[in-house]
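Asker: Dumping the structure here so I can ask a few things about it.
Just so it is clear, none of the values below were taken in a lab; they were calculated from the coordinates. As the structure is a prediction and not an experimental result, all values here were calculated from the model. Cβ sites come from the backbone with ideal geometry, for glycine too, and all protein chains shown count toward neighbours.
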Amino acid sequence: MRAEYNDLLKKAINDGEFTREEVIFLLKPEDDEKDVLFHTADVIRKEVFGDEVHLRGIIEFSNYCERNCLYCGLRRDNKNLTRYRLMPEEIIDIAVNAERIGYRTIVLQSGEDSFYTTEILCQVVRDIKDRADVAITLSIGERGFEDYRLLKEAGADRYLIKQETSSPELYRKLHPDMRYENRIRCQKDLKTLGYELGTGNMVGLPWQTVEELADDILFFREIDADMIGIGPFISNPHTPLRNFSSGMVEDTLKVLAVTRLINPLANLPATTALGSLDSYGRQKGLTAGANVVMPNVTTMKYRRFYEIYPSKICTGERPEACRHCIEGIIESIGRRVSSGYGESPKSLRGGKERCIMK
Ligand code: 5AD
Ligand code: SF4
Ligand code: FES
């Protein structure tokens, strides 16, 4: 192990600040340094969150999308997908059932689908809050400040909108009909409005460099993210990126671990994409810095149509089966399912200091 690498890990344990060069260096461990990197991230995770793992139940309520992101199976030009929309009553029933089977956070996720006006979604949020004791995360894409304000007022607690890449050039290449600046604007608006903000990226995107991944990690810190979702890019045959290879599980784990070092207080999920590329992907994520898992709670008949990428896990399982399965996974690595809402430690105490969970 190189002395410089060891020194940087020690600095992370002591909550030091990192330069861009240092983040790049951390992302390139040699073979014998990798496990020490993962272990250090695991130690910091444990210091901040203990052994509790937070579950978020995802309801994929519409796979219609008006955008055309090059990597995604829900993109509007993909004609090879059966589209569906859940009606508000169905969404609410699924949320109530999710609470019944033990979820304390519900994520309402869809493509960018203006069928669901902000007014409709506000009513859905209010009805869920009336009928279930859950925190609500929205993951419905780019909307205006006023929309975000109304949804917050209706009771939404958190918002997930990934930056995907912090490189303006790469962002433009991958998102023909979107603007980098607007993506950032959304995240800033959400912070201003008092949402807990979830951002994140993909690892192994075509053309992506390690320097850009380091910038992603610094971006997460800069935007003061409460949650950071990091998943491998998975090549989808029904998209223009079909000829590119998928990202690597190990590279994703490195980015996850370094993100934990640089953003110790953030909630970090072991993503479904990680679990889809490797049958132990989520376990590996949970032992390399992650403290959250986001199982699917959508009714079985719709699951297989939310096909962002191929071989997505859990498309043939019922919500109850995933709930049971994930608890087994968590307990198999000596951890336990949290019974709390899993708020951001930042919003709990409002500070940036470490060890505040103790
Ligand atoms: N591989 C991995 N993740 C993907 N996403 C979209 N397409 C892919 C893909 N091909 C992720 C993005 C987006 C979310 C909807 O799914 O990060 O935020
Ligand atoms: Fe739509 Fe999101 Fe997929 Fe882009 S990543 S096509 S916005 S669902
Ligand atoms: Fe869905 Fe394991 S979490 S089957």
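Asker: Restricting to region 288-325, name every residue that is buried (at least 20 other Cβ atoms within 10 Å of the Cβ) and among the polar types (S, T, N, Q).
Answerer: Once the filter is applied, which keeps residues that are buried (at least 20 other Cβ atoms within 10 Å of the Cβ) and among the polar types (S, T, N, Q), region 288-325 yields N291, N296, T298.
Asker: Taking interchain pairs and intrachain pairs at least six residues apart, which have beta carbon atoms under 9 angstrom, with the first residue in region 281-309 and without any contact (Cβ under 8 Å) to a residue 40 or more places away in the chain and under 19 Å from R85 (Cα atoms) and the second β-branched (V, I, T) and assigned to a loop (DSSP other than H, G, I, E, B)?
Answerer: M300/T315; R304/T82; R304/T315
Residues are listed down the side, and each one gets a yes or a no for (1) among the small types (G, A, S); (2) within 16 Å of ligand 2 (Cβ to nearest atom); (3) out of contact with any Gly (no Cβ under 6 Å at 6 or more places or on another chain); (4) farther than 29 Å from L151 by Cβ:
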| site | (1), (2), (3), (4) |
| --- | --- |
| L197 | no, no, yes, no |
| D224 | no, no, yes, no |
| S235 | yes, yes, yes, yes |
| H238 | no, yes, no, yes |
| N243 | no, no, yes, yes |
| N263 | no, no, yes, no |
| A266 | yes, no, yes, no |
| A290 | yes, no, yes, no |
| T298 | no, yes, yes, no |
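Asker: Right, another one. Tell me which of these S235 doesn't satisfy, since it passes every other one: (1) within 16 Å of ligand 1 (Cβ to nearest atom); (2) surrounded by 21 or more Cβ atoms within 10 Å (Cβ to Cβ); (3) in contact (Cβ under 8 Å) with a residue 40 or more places away in the chain.
Answerer: (2)
Asker: In the list R336, R318, which residue meets the criterion of being in contact with a strand residue (DSSP E or B) (Cβ under 9 Å, 6 or more places away or on another chain) and either more than 16 Å from ligand 2 (Cβ to nearest atom) or among the β-branched types (V, I, T) (or both)?
Answerer: The unique qualifying residue is R336.
Asker: Scan (1) closer than 17 Å to N263 by Cβ; (2) surrounded by fewer than 18 Cβ atoms within 10 Å (Cβ to Cβ); (3) charged (D, E, K, R) for the single condition E196 breaks and write down its number.
Answerer: (2)
Asker: Something else about it: Output the number of the condition that R323 fails; it satisfies all remaining conditions of (1) in a helix (DSSP H, G or I); (2) touching an Asp or Glu at 6+ places or on another chain (Cβ under 9 Å); (3) more than 16 Å from ligand 1 (Cβ to nearest atom).
Answerer: Of (1) in a helix (DSSP H, G or I); (2) touching an Asp or Glu at 6+ places or on another chain (Cβ under 9 Å); (3) more than 16 Å from ligand 1 (Cβ to nearest atom), only one is false for R323: (2).
Asker: What pairs come up if the first residue lies in region 312-338 and is under 20 Å from D51 (Cα atoms), the second is within 16 Å of ligand 2 (Cβ to nearest atom) and part of a loop (DSSP other than H, G, I, E, B), and their beta carbons are under 6 Å apart, counting only those six or more places apart or on different chains?
Answerer: Once the first residue is under 20 Å from D51 (Cα atoms) and sits in region 312-338, no partner that is within 16 Å of ligand 2 (Cβ to nearest atom) and part of a loop (DSSP other than H, G, I, E, B) comes close enough.
Asker: Which ones in region 314-339 are of a type in the set (V, I, T), under 19 Å from the mean Cα position of the chain (by Cα) and more than 10 Å from ligand 3 (Cβ to nearest atom)?
Answerer: Within region 314-339, I330, V337 qualify.
Conditions (1) under 23 Å from T209 (Cα atoms); (2) not hydrophobic (A, V, I, L, M, F, W, C), marked per residue:
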position	(1), (2)
N6	no, yes
I13	no, no
E17	yes, yes
V23	yes, no
P29	yes, yes
L37	yes, no
